[in-house]
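Trainee: Before anything else, here's the structure in question.
The values are calculated or read from the model by the stated rules, or taken from the named source; none is laboratory data. All values derive from a computational prediction rather than experimental measurement. We place every Cβ from the backbone using ideal geometry, glycine too, and count neighbours over all the protein chains shown. The accessibility values were calculated without ligands, DNA or RNA, using every heavy atom of the protein model including side chains. Shrake-Rupley method; radii C 1.70, N 1.55, O 1.52, S 1.80 Å.
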Amino acid sequence: MERGTVMKELICVLLMIISSIFLFLHFKVLNILILVFVFVIIFYFLTKEVRILYLVIAFVFFFYLNFITYTGNITGEKNFYVKFDGKTGTVLSVENKYVKEKILINNSKNLTYGYYRVNCKIDQVKEKNGILIVKGKILSYESSYFNKVRDFVSDKFSDLFSSEYKIYGFSKAAILGEKADLGEELNDMFKYTGLAHLIVISGLHIGLVMIVFIKVFEKLGVPYKTKYIITLILLTVYCIITGFSVSVLRSYLMGAIMIFSKLLFEENNSKKSFFISMIIVLIISPYSLFDISFQLSYGAVGSILFVVPVIEEVYKLKYKVESEFLDYTIKMLILSFIIQVMSLPVFVYNFKVIPVFSFVSNIFGIPLGTLLIQIIFLSLLINIVNVSVFNIILNFIIKTIFDAFESLIYTLNKIPLLQVNIDFQISIIHIIIYYIIIFIFLYFIHSYYLKTLSRKNKIK
């Protein structure tokens, strides 16, 4: 099957899954016939043929959603196995099933992020803005073994940075995804400067973990296939420790697909991996579609894969920069600016802020922040296997880089207009129009590139 055909098939399957999720949440049975007609028209234009298979996928996924969604009664005295985020008091799953609405409960036992068997007394459940607010209390609980593994890693950080509380808080945020010890002031600074993605486990962190493992195994002379197999196993263990949240899952899938492509000696097609990972994530966790981190993460990766190359084509055609450093800086500016433009509606719709110059922060913050995370992870790795002989040197390096990184954050935080607060709300229609305008613009940019390139070739 040709690459273009495979991509088209993946896009169609993804559209079917997304349509099924909206169908399950917002439509009744009588509306299905109308949607079937709409689907047939859409896929006829995409494939130039009516493919009944797509409709079958949509309906199968629709019934699959009924199977994996918790629909039981949660009032009274109950005994549940739940995935719980102690910081926000959010119940993420009940009896290993997803919940359609966000459930908030009073964290009276000060539980941390993880899995628990809880006995709770629920007096009342109220729905407000699509959120179920539970009034009651947790009577008793039993922590899962998974939580003990996270505690073990957290204790390692405590031992490593016992006298450096800020580094300890940053390490837990960057490696474990726990921001409770980061401090509200520093957390707000990360948000304002546009560097919050450094303290949220994402594709960046998974990529850094993979690089650390692969480089270490290369230095040890581990054979090619063995190197990638062990990396995949360790990457899986790391993601289990961090809790396999939605952001971790999608990043893990991207990394795993890349490793499998290396093992099978196939060409690593990033665009294909992008759609495959999105499909798998939505199958495993359908309601992550409405998660802000899902939208920002895939929006950023999609921008890098599909939008940045179009702009860089024109940049390379029109400008030839002799200085490699200047060329790299310009490309980083283009990359950061495009990601910001493509993710703008997410920020405006969810946070009522407009990022203006925060994309500049990434040029300086990402290289320093990623280097810091890599060294912290390397330090954690060698301490897990009880090799502490390098701790003094590594801790000195970590402290030096962290001090520089913290100074950069404080400096960037003083710059005005990195983000601007707004007092109006946009609708889904506005977002659709926004992206239509962008895609029309990209179409004309690409056409301009092809025409200019053709003229230059004719002159030659």
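Trainee: Residues 116, 168, 141: which one is assigned to a strand (DSSP E or B), of a type in the set (Ser, Thr, Tyr) and touching a Ser or Thr at 6+ places or on another chain (Cβ under 8 Å)?
Mentor: 116
Trainee: Residue 230 versus (1) among the aliphatic types (A, V, I, L, M); (2) open to solvent by 20 Å² or more (accessible area, probe 1.4 Å); (3) in contact with a Leu (Cβ under 9 Å, 6 or more places away or on another chain); (4) at pLDDT 80 or above: which is the lone unmet condition?
Mentor: (3)
Trainee: When segment 376-405 is examined, which residues are found to be open to solvent by 30 Å² or more (accessible area, probe 1.4 Å), over 18 Å from residue 154 (Cβ atoms), assigned to a helix (DSSP H, G or I) and of a type outside the set (Ser, Thr, Tyr)?
Mentor: Of everything in segment 376-405, those that are open to solvent by 30 Å² or more (accessible area, probe 1.4 Å), over 18 Å from residue 154 (Cβ atoms), assigned to a helix (DSSP H, G or I) and of a type outside the set (Ser, Thr, Tyr) turn out to be 392, 393, 396, 397, 399, 403, 404.
Trainee: Oh, and also: Based on this model, can you work out whether residue 190 counts as under 26 Å from the mean Cα position of the chain (by Cα) and under 30 Å from residue 389 (Cα atoms)?
Mentor: Taking the combined requirement at face value, the residue does not satisfy it.
Trainee: Name the one entry in 311, 279 that is open to solvent by less than 40 Å² (accessible area, probe 1.4 Å) and assigned to a helix (DSSP H, G or I).
Mentor: 279
Trainee: Out of all the residues in segment 403-453, which are among the small types (Gly, Ala, Ser) and over 26 Å from residue 352 (Cα atoms)?
Mentor: Those that are among the small types (Gly, Ala, Ser) and over 26 Å from residue 352 (Cα atoms): 404, 407, 447.
Trainee: Take the conditions among the hydroxyl-bearing types (Ser, Thr, Tyr) and over 30 Å from residue 79 (Cα atoms) and apply them to residue 168. Does it pass?
Mentor: Judged against the criteria, residue 168 is a match.
Trainee: Check off (1) among the polar types (S, T, N, Q); (2) surrounded by 12 or more Cβ atoms within 10 Å (Cβ to Cβ); (3) not in a strand (DSSP E or B) for residue 110 and give me the number that stays unchecked.
Mentor: (2)
Trainee: When you look at residue 266, is it among the acidic types (Asp, Glu), modelled with pLDDT of 80 or more, more than 22 Å from residue 15 (Cβ to Cβ) and open to solvent by 30 Å² or more (accessible area, probe 1.4 Å), yes or no?
Mentor: Considered against the rule, which asks whether it is among the acidic types (Asp, Glu), modelled with pLDDT of 80 or more, more than 22 Å from residue 15 (Cβ to Cβ) and open to solvent by 30 Å² or more (accessible area, probe 1.4 Å), residue 266 comes out as no.
Trainee: Mind checking which residues of segment 188-213 are open to solvent by less than 20 Å² (accessible area, probe 1.4 Å) and either at pLDDT 80 or above or of a type in the set (S, T, N, Q) (or both)?
Mentor: Those that are open to solvent by less than 20 Å² (accessible area, probe 1.4 Å) and either at pLDDT 80 or above or of a type in the set (S, T, N, Q) (or both): 189, 190, 193, 195.
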